[in-house]
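Here is the structure we will look at, set down as structure tokens.
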Amino acid sequence: MTETAAKTYDLTKVHEANRKLLKEIDRICRKYKINYMMDSGTLLGAVRHQGFIPWDDDVDVVFTRQNFEMFMKVAPRELPDGMSVLRPEEIRGGKVFYDFTTRIIYENSRVHEDNEQMRFYDGKLNHLWVDLFILDRLPDGKGAAARAKFMQKVIYGMAMAHRNGLDFSKYSLADKIRVGVLATAGRLIPMPVLFKLQRLAAMKDADKKTKRWYYSNYQPDYLYVTLEGEWCEKTLDMEFENLELMAPIGFTHVLELIYGDYRKLPPPEKRVPAHSTIEIQIYDQEK
């Protein structure tokens, strides 16, 4: 979701693999009349570069809840060999936590060194992937909307107790206290229960015709991104690396909300990959 990292290298093969992932998602969605939308850096790349941001090493798509549930019913059987669905609750039987995001994995790839964290998650996170974000309905009214987001933050904080350690270095003092308290409480709640609570909280207003949507399965610091229904309830086709992929009809509003002046390039030192700790390895490059 970001455009920053510590180093750079040739991403040609990475982009080829990510293009395959996007092409398959698009094929499946069109076959079953499911709407998805390019999101974050992928949407930015489509608008600004007509394809990948040259230094970006991941891809993101987003579904409204109903479309996500439809996609998850058909994707496991439709994906070709070498690609698979990874639900967060499937890692180590749902007893551990990385985040609440479902992904499409490009299996013949490696993005990190074999380390303690990768082993903790059984190596399932050591691949290229497409993040599948979910837009859930946000209740109307400032108070109700704030409570819905707060509940997601609380559940996420408790789930942090089931991660491979907590890195407090990036938090302010106040956030260290909040995360510490929530993680301590989270040790008392099994992770499968927290997965269920997160889903229930996210879908609480699924049957209501509210005006806005929010990203319910991303990190808490991204909950500020609230989309108006008119921006994302319809899609249009947009060129992306010689493919026609779906984008939200209000893509300019979405990009301005996330990036501000999205047509302005970041400074050169920021134009580097952000989602890997080694040069990403791709083991097959069949066309």
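Odds and ends about this structure:
- Enumeration of residues in the stretch 207-246 that are charged (D, E, K, R) and either within 15 Å of the chain's Cα centre (by Cα) or on the phi > 0 side of the Ramachandran plot (or both): Asp221, Glu241
- Test: residue in the stretch 205-219 that is touching a Leu at 6+ places or on another chain (Cβ under 7 Å) and among the aliphatic types (A, V, I, L, M): no
- Whichever residue in the stretch 149-167 is in contact (Cβ under 8 Å) with a residue 40 or more places away in the chain and among the charged types (D, E, K, R) and, among such residues, is surrounded by the fewest Cβ atoms within 10 Å (Cβ to Cβ): Lys153
- Candidate set: the stretch 104-116, residues that are assigned to a loop (DSSP other than H, G, I, E, B) and not polar (S, T, N, Q); chosen: the one surrounded by the most Cβ atoms within 10 Å (Cβ to Cβ): Val111
- The listed residues are Asn126, Asn108, and the only one of them that is closer than 25 Å to Ile25 by Cα and either in contact with a Gly (Cβ under 7 Å, 6 or more places away or on another chain) or at pLDDT 95 or above (or both) turns out to be Asn108.
- Residue in the stretch 183-205 that is hydrophobic (A, V, I, L, M, F, W, C), part of a helix (DSSP H, G or I), modelled with pLDDT under 95 and surrounded by 13 or more Cβ atoms within 10 Å (Cβ to Cβ) present: yes
- Of the residues making up the stretch 57-103, those that are surrounded by fewer than 18 Cβ atoms within 10 Å (Cβ to Cβ), acidic (Asp, Glu) and either touching a Phe, Trp or Tyr at 6+ places or on another chain (Cβ under 8 Å) or in contact (Cβ under 8 Å) with a residue 60 or more places away in the chain (or both) number 1.
- In the stretch 121-147, the residues that are over 18 Å from the mean Cα position of the chain (by Cα) and farther than 25 Å from Asn18 by Cβ: Leu138, Pro139, Asp140, Gly141, Lys142, Gly143, Ala144, Ala145, Ala146, Arg147
- For the stretch 117-130, the set of residues classified as in contact (Cβ under 8 Å) with a residue 40 or more places away in the chain and not in a loop (DSSP other than H, G, I, E, B) consists of Gln117, Phe120, Leu128, Trp129, Val130, listed by residue number.
- Members of the stretch 48-89 found to be among the polar types (S, T, N, Q) and part of a helix (DSSP H, G or I), listed by number: Gln66, Asn67
- Looking across the stretch 1-33, the residues that are aliphatic (A, V, I, L, M), modelled with pLDDT of 85 or more and under 18 Å from the mean Cα position of the chain (by Cα) come down to Val14, Ala17, Leu21, Leu22, Ile25.
- Whichever residue in the stretch 250-263 is part of a loop (DSSP other than H, G, I, E, B), in contact (Cβ under 8 Å) with a residue 12 or more places away in the chain and not small (Gly, Ala, Ser) and, among such residues, is surrounded by the fewest Cβ atoms within 10 Å (Cβ to Cβ): Arg263
- For beta carbons closer than 9 Å, sequence separation of 6+ or different chains, a first residue in the stretch 238-249 that is part of a strand (DSSP E or B) and a second that is among the basic types (Lys, Arg), the qualifying pairs are Phe240/Arg19; Leu243/Arg19; Leu243/Lys23; Leu245/Lys23; Met246/Arg30; Pro248/Lys234.
- Selected residue (only one of Leu44, Leu21 is touching a helix residue (DSSP H, G or I) at 6+ places or on another chain (Cβ under 7 Å), touching a residue at least 60 places away in the same chain (Cβ under 8 Å) and either more than 23 Å from Arg110 (Cβ to Cβ) or surrounded by 20 or more Cβ atoms within 10 Å (Cβ to Cβ) (or both)): Leu44
The values are calculated or read from the model by the stated rules, or taken from the named source; none is laboratory data. Just so we're clear, the structure is a prediction, and the values are computed from it rather than from any experiment. Because the Cβ atoms are built from the backbone with ideal geometry, glycine has one as well, and the counts that use them run over all protein chains shown.
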